[in-house]
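Enquirer: What follows is a structure written as structure tokens; I'll ask about it next.
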Amino acid sequence: QVQLVESGGGLVQPGGSLRLSCAASGSIVSLYVMGWYRQAPGKQRESVAIIPSTGSTSYADSVKGRFTISRDNAKNTVDLQMNSLKFEDTAVYYCYAVGTAQGVYGIRAYWGPGTQVTVSS
């Protein structure tokens, strides 16, 4: 199995910055894709940013130019640098990984428990 743990959430004023980090652990064989999703109250979970092991990135239109995703393949970590935060960025942010693990058949998706990001004045 693969476990994901997020850190770095909190309360920030509009225009401020936060950096989220996620560490994957367990019987990892390979993590093909890592990324971040978010879910605001009353809304569906949405993709924020993803980064395959090849390093190419993809962002939601709402965060392009403000958020930057990066990963360390050797450490199985993924970070999300969030700048110029807006009220509408308030949500629970979930780390996400797709990969293979020892003793687990096939390619599976794994999720972290989530970390709260609140943008408020």
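Enquirer: Ala60: net charge of surrounding residues, Cβ under 14 Å, Lys/Arg +1, Asp/Glu -1, itself excluded?
Expert: That works out to +2.
Enquirer: Where nothing but the Cβ of Lys and Arg (+1) and of Asp and Glu (-1) is charged, how large is the charge dipole of the stretch 1-113 around its Cα centre, in debye to the nearest 20?
Expert: The calculated dipole for the stretch 1-113 is roughly 40 debye.
Enquirer: Grab the alpha carbons of the stretch 1-61, take their convex hull, and tell me the volume per residue in Å³.
Expert: 125
Enquirer: Next question, about the same structure. In whole Hz, what ³J(HN,Hα) sequence does the stretch 85-90 give by Karplus (6.51, -1.76, 1.60; θ = phi - 60°), x for Gly and Pro?
Expert: With the stated coefficients, the stretch 85-90 comes to 5, 10, 3, 6, 7, 4 Hz.
Enquirer: Using Cα centres only, tell me the gap between the stretch 82-108 and the stretch 1-57 in whole Å.
Expert: So the two Cα centres are separated by 4 Å.
Enquirer: Hey, another quick one. Over the stretch 6-73, what relative contact order in percent results from Cα pairs under 8 Å that are six or more residues apart?
Expert: 20
Enquirer: Find which of Thr77, Ile50, Ala60 sits farthest along the positive direction of the dipole of the stretch 46-119, computed with +1 on the beta-carbon of Lys and Arg, -1 on that of Asp and Glu, about the Cα centre.
Expert: Toward the positive end, the furthest listed residue is Thr77.
Enquirer: Another question, if that's okay. If you take the Cα Rg of the chain and divide it by 2.2 N^0.38 Å, with N the number of residues, what do you get?
Expert: 1.04
Read-outs: derived from the displayed coordinates by stated rules, not from any lab. Worth saying up front: this structure is predicted, and the values here are computed from it rather than measured. Using ideal geometry, Cβ is built from the backbone for each residue, glycine included, and neighbour counts are taken over all protein chains shown.
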